[in-house]
Amino acid sequence: MRLLVNCSYAKTDVRGAQPDASYYIGDRVQTAPRGSSVVNLHSLVSQDLAIEIADSSLVDDLETKRMIYGLFRTYGDNFI
């Protein structure tokens, strides 16, 4: 498992996102970027788990950001 803190994710025609924490799990750890850079999702795979810590942004996290992370996925359709 690899933890990335405040790593940014970008994909053309999709609003970018910067989760508070994101994880790459299992075999995908080897494909995880190093550091807290901007991840181009056209050349690298997306995270397995994105964590947003909500204070006043709960509605945005549950609606808008959830849809954005869904658009980042390159496989499957599972959401946590």
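The values are calculated or read from the model by the stated rules, or taken from the named source; none is laboratory data. Note that the structure is predicted; figures quoted are calculated from it, not measured. Methodologically, a virtual Cβ is constructed for each residue, glycine included, from the backbone with ideal geometry; neighbour enumeration extends over all protein chains shown. Calculation scope for accessible area: heavy atoms of the full protein, side chains included, ligands and nucleic acids excluded. Shrake-Rupley method; radii C 1.70, N 1.55, O 1.52, S 1.80 Å.
Let me know the charge dipole size of the chain about its Cα centre in debye, to the nearest 20, where only the beta-carbon of Lys, Arg (+1) and Asp, Glu (-1) is charged.
Details: 8 positive and 10 negative charges, 70 e Å.
Around 340 debye, computed over the chain.
Accessible area per residue (1.4 Å probe, heavy atoms of protein chains only) ranks LEU4, LEU62, LEU44 as LEU62, LEU44, LEU4, with the largest value leading. Full extension of the segment from ARG66 to SER37, taken as 0.36 nm per residue of separation minus the current Cα-Cα distance, would add 8.3 nm. Annotation: amide H of VAL39 within the under-5 Å range of SER8, TYR9, ALA10, sequence separation 5 or more or interchain, hydrogens built in the peptide plane. Within the listed set ASP48, ASP20, ASP60, the residue fluctuating most in the Gaussian network model of the chain (springs between alpha-carbon atoms under 10 angstrom) is ASP60. The phi-based Karplus calculation (6.51 cos²θ - 1.76 cosθ + 1.60; θ = phi - 60°) puts the 3J(HN,Hα) values of the range 40-47 at 7, 6, 7, 10, 10, 7, 7, 5 Hz, whole numbers, x for Gly and Pro. Using θ = phi - 60° in the Karplus curve 6.51 cos²θ - 1.76 cosθ + 1.60, the 3J(HN,Hα) couplings for the range 15-21 round to 4, x, 9, 9, x, 5, 8 Hz; x is entered for Gly and Pro. Using equal-weight Cα scatterers in the Debye expression, the normalised intensity of the chain in log10 at q = 0.14, 0.24, 0.27 Å⁻¹ is -0.41, -1.27, -1.57. The Cα-based radius of gyration and maximum Cα-Cα distance (Dmax) for the range 1-44 are 10.2, 29 Å. A 1.4 Å probe run over the protein chains yields, for the chain, 66 Å² of accessible area per residue, whole-number rounding. Here the chain exposes an accessible surface that is 54 percent carbon and sulfur, computed with a 1.4 Å probe and the other protein chains kept in place.
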